[in-house]
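**Student:** Can you keep this structure in mind? I'll have questions shortly.
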Amino acid sequence: MNAAFNKDPAQRAPSYYTATLNDPTTYPQLKGTVQVDVAIIGAGFTGLATAVELAERGLKVAVVEANRVGWGASGRNGGQVTGSLSGDEAMRAQMRKRLGSDVDDFIWHLRWRGHQIIEQRVARYGIDCDLKHGHLHAAMKPSHLDELRAFEAQAQRYGMGDQVELLDRQAMAEHLQSPLYLGALKNRRNLHLHPLNLCLGEARAAHGLGALIFEQTEVLEIIHGARPAVVTAHGRVDARQVMLAGDVYHKLEKRQLKGKIFPAMGGIVTTAPLGELAAQINPHDLAVYDCRFVLDYYRLTADKRLLFGGGANYSGRDSRDIEAELRPCIERTFPALKGVPIAFQWSCAMGIVVNRIPQVGKLSDHVWYCQGYSGHGIATSHIMGEIMAQALTGTLEKFDTFAQCKHVRVPMGDVLGNPLLAAGMWYYQMLEKLR
C-alpha cells in the first residue's frame, strides 16, 4: 500500500481507504452508444466480480457506475472475509426442498467459496490489497462459547479441523489485550484486507480483459425486451443481457424491487497509527468480531491503526457523530487505547434483506438482478458474482437454487421498511440478553 495518503479527486467517502488507495485511475463517463454482450449496472464487488468472470469467459462487458468504482459499501466496509453466511439457517430451510440431503454440504462449501475466489484473483492479477489470514470469533458469554464449540465440531466433520482452534480465556489473553472475552474460535482460513484496493484491482483486471468501465454515469432507465439496453444522460449501452448490481444504492425497477431490501448504516473509525501499541493489543494481527446479534468488529491496518466498526443504524440515515458512538466501545474493548486520537470516521450503507438470503432473479427475459448481503458482502458478493456469471452464460443450477427462495416484500417499503428493521433488531437485542 502507498505510504503517502492519496487525495482522490472524485466524490468518495472521506475514509481511511480513500486516503490509502493504490490506484487512482479514473474511468470515462459514457458518451454515445456502445454494444456489448452484458451490461452491468454498479461497479462494486458484485458488478466487478461478475464482470471479471464474464470477461475471462470471453464475453464483451460494460460496467456502468453512477459514482466511482467502489464508491458504495464495497469500498467502505470492515474488510473482513469470513465464512459467516448471513441467513444460513433460512437458506437451509428454503433450499432443502430443492437440494434434499445435500443442502448442508452445499451451504458449508458455499461459506468458503468467496475466500477461494478472492485469493485466486489477487494472485492471478497481482492485486495489492493488504491480504492477510487469521480471524477470531469472540465469545462474551457462555452461550456464545456453546455456539463456537458447535461450529468447531462442524469444521472438524468437514475436514477443516486444522484451520480452527477454540481458545479459552487464558489463551485469549495471548491474542488480545482485552478484558471482554471468555474465549474465541480462531480461524486461519478467514481473511482480512483493504476492500477498496481489492475493488479497484478487480476493476483493473476486468478492464485489462477488455471490459468497458464507465464512471459518473447514472443509469436513468433499463429498456426490457429482446434487445435490452441501459440508458444514461449522455449515452446508451445495447446488450444481449443486463444485470442490475447496485444493491441498496439504486432506485431502479421500483415496481418489482421496492420493499425487498433496506439500508442499515454502519459506522467505522480508524485511529492514528498505534506504533508498538498495535502489537501489544493484537500481537497476532487478527481480525475480530464478537458473537452478538449487533456486534463490534475490528482489525489492524497495514500501517498499524485500529480500524473499528460497530452497531448499526436501522433508520437508513447516517449517524451524526460516529466517533462519539464508537469511542466508548473501543476503550471498553482496549483500555490501553483510552483517549487515542481518531483519524478517520465514515459510514457504510449495508443492504439488509429480511430473511438475510441474497436476492437474485430476473426482471424480464434478459434483465437480471443480484443484491442483499446483510453485512457479509465481501465473500458473498464474489460467490454471487460467480453464480451470476454462470447463469448469464447458460448454467442456471446455483442461480435457480437462490432464485426459488421466497422473500418478504414490505408494503410501502420506503416508509415501513426501516422502522420494521429497527423493531426486528430491538427484538433480537432483547433475545441476546436472554441467551
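**Student:** Sequence-distant or interchain residues sharing an amide H contact under 5 Å with GLN29, placed H: which?
**Tutor:** GLU215
**Student:** Could I ask something else about it? Counting each DSSP H run of 4 or more residues in the chain as -39500 (n - 2.57), what helix-only mean residue ellipticity at 222 nm follows after dividing by all residues, to the nearest 500 deg cm²/dmol? The partial results should precede the final answer.
**Tutor:** Numbers: 13 runs with 153 residues, N = 435.
Computed ellipticity for the chain at 222 nm equals -11000 deg cm²/dmol.
**Student:** Ok, one more. Placing +1 on the Cβ of each Lys and Arg and -1 on the Cβ of each Asp and Glu in the range 286-388, which of HIS382, GLY309, GLY361 has its Cα farthest towards the positive end of the resulting dipole?
**Tutor:** Working it through, the farthest residue towards the positive pole turns out to be GLY309.
**Student:** Related question: Mind listing which trypsin sites (Lys or Arg not before Pro) in the range 212-251 are in a DSSP loop and have 12 or fewer other Cβ atoms within 10 Å? Provide the component values of the computation, followed by the final result.
**Tutor:** Working: sites: ARG236, ARG240, LYS251; in loops: LYS251.
Answer in residue order: LYS251.
**Student:** List residues of the range 108-148, by number, whose backbone nitrogen lies under 13 Å from a label position 7 Å along Cα→C-beta of THR25.
**Tutor:** 125-128
**Student:** Continuing with the same structure: Work out how much length ALA324 to GLN116 would gain on full extension: take 0.36 nm times their residue separation and subtract the Cα-Cα distance, in nm to one decimal. Each step should come with its number before you reach the end.
**Tutor:** On the way: separation 208, 0.36 × 208 = 74.88 nm, distance 3.73 nm.
Here the segment from ALA324 to GLN116 would lengthen by 71.1 nm.
**Student:** With point charges of +1 on the Cβ of Lys and Arg and -1 on the Cβ of Asp and Glu, referenced to the Cα centre of the range 212-343, which listed residue (ALA239, HIS284, VAL269) lies farthest in the positive direction of the dipole?
**Tutor:** Comparing the listed Cα positions along the dipole, ALA239 ranks first.
**Student:** Dipole of the range 203-279, Cα-centred, from +1 at each Lys and Arg C-beta and -1 at each Asp and Glu C-beta, to the nearest 20 debye?
**Tutor:** On the way: 9 positive and 7 negative charges, 93 e Å.
Rounded to the nearest 20 debye, it is 440 debye.
**Student:** Within the range 65-101, find all residues whose amide N lies under 19 Å from a label point positioned 7 Å from the Cα of PHE293 along Cα-to-beta-carbon.
**Tutor:** It comes to 85-91, nothing else.
**Student:** Can you give me the angle between helix 88-99 and the longest principal axis of the chain, using Cα atoms only, in degrees from 0 to 90, rounded to the nearest 10?
**Tutor:** That works out to roughly 50 degrees.
**Student:** Enter the angle in degrees (range 0 to 90, nearest 10) between the Cα long axis of helix 103-125 and the first principal axis of the Cα atoms of the chain, meaning the one along which they spread out most.
**Tutor:** Compared with the principal axis, the helix lies near 80 degrees.
**Student:** Can I ask one more? Placing +1 at every Lys and Arg Cβ and -1 at every Asp and Glu Cβ, with all other atoms neutral, what dipole size does the range 148-239 have around its Cα centre, in debye to the nearest 20?
**Tutor:** Numbers: 9 positive and 10 negative charges, 48 e Å.
Dipole about the Cα centre, nearest 20: 220 debye.
**Student:** By the scheme Lys and Arg +1, Asp and Glu -1, what is the net charge of all other residues having a beta-carbon under 12 Å from that of GLY339? Write down the numbers at each step before the final one.
**Tutor:** On the way: positive: ARG327, LYS338; negative: GLU331.
After counting each charged neighbour, the total is +1.
**Student:** On to the next question. What does the charge dipole of the chain about its Cα centre add up to, to the nearest 20 debye, if the Cβ of each Lys and Arg holds +1 and the Cβ of each Asp and Glu holds -1? Don't skip to the end; give the middle numbers.
**Tutor:** Numbers: 48 positive and 44 negative charges, 163 e Å.
Computed about the Cα centre, the dipole is about 780 debye.
**Student:** Another one. Which option, (1) 14; (2) 27; (3) 11, is the value of percent of Cα pairs over 42 Å apart that was calculated from these coordinates?
**Tutor:** Working out percent of Cα pairs over 42 Å apart from the coordinates points to (3).
**Student:** Then there's this: Share of the chain's accessible area from carbon and sulfur, percent, 1.4 Å? Walk me through the numbers on the way to the answer.
**Tutor:** Numbers: 9300 of 17950 Å².
Here it works out to 52 percent.
**Student:** Could you tell me how many degrees, from 0 to 90 and to the nearest 10, lie between the Cα long axis of helix 377-392 and the main elongation axis, the longest principal axis, of the Cα atoms of the chain?
**Tutor:** 30 degrees
**Student:** Considering only TYR158, ALA173, LEU198, whose Cα is most displaced toward the positive end of the charge dipole of the range 150-200, charges sitting on Cβ of Lys, Arg (+1) and Asp, Glu (-1)?
**Tutor:** LEU198
**Student:** How much accessible area per residue does the chain have, counting only protein heavy atoms and a probe of 1.4 Å, in square angstrom?
**Tutor:** 41 Å²
The values are calculated or read from the model by the stated rules, or taken from the named source; none is laboratory data. The shown structure was predicted, so the numbers you read here are calculated from the model rather than taken from an experiment. Quick reminder, even Gly has a Cβ in these numbers, built from the backbone with ideal geometry, and neighbours come from all protein chains shown. With ligands, DNA and RNA removed, areas are computed over all heavy atoms of the protein, side chains included. Shrake-Rupley method; radii C 1.70, N 1.55, O 1.52, S 1.80 Å.
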